[in-house]
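Student: My questions all concern the structure below.
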Amino acid sequence: MGLAHGFNISSDVKEIAKELKEGYKLTDFEALTLALKAEQNELLKRAFVISSTDAHPTGLEAIATALGYKNR
């Protein structure tokens, strides 16, 4: 999938959208919206280097911890 404006949808998004559409009987729009949201969330996690556990903090979390910030 691609548009005339240089926008391309990754193969991961296409695959997720396909699985969502088949598994949950969603429309193309609904499946693509959810797949793009999932990719957006993953990109934000990578951009902000957020870890999923407190056992191994990374990036900004390690800096915050070093500066004395604690979970509240």
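Bear in mind that the values in this text are calculations on the coordinates, not laboratory data. Since we're looking at a predicted model, the values are computed, not measured. When we count neighbours, we look across all protein chains shown, and the Cβ atoms used for this are built from the backbone with ideal geometry, even at glycine.
Student: Pull up the cross-link candidates among the lysines for K45, meaning alpha carbon to alpha carbon under 27 Å and not fewer than 8 places away within one chain.
Tutor: List returned: K14, K18, K21, K37, K70.
Student: Something else now. Quickly work out the A38-to-K14 label distance, labels modelled 7 Å from Cα along the C-beta direction, and quote it in nm with one decimal.
Tutor: Those two pseudo-labels are separated by 1.6 nm.
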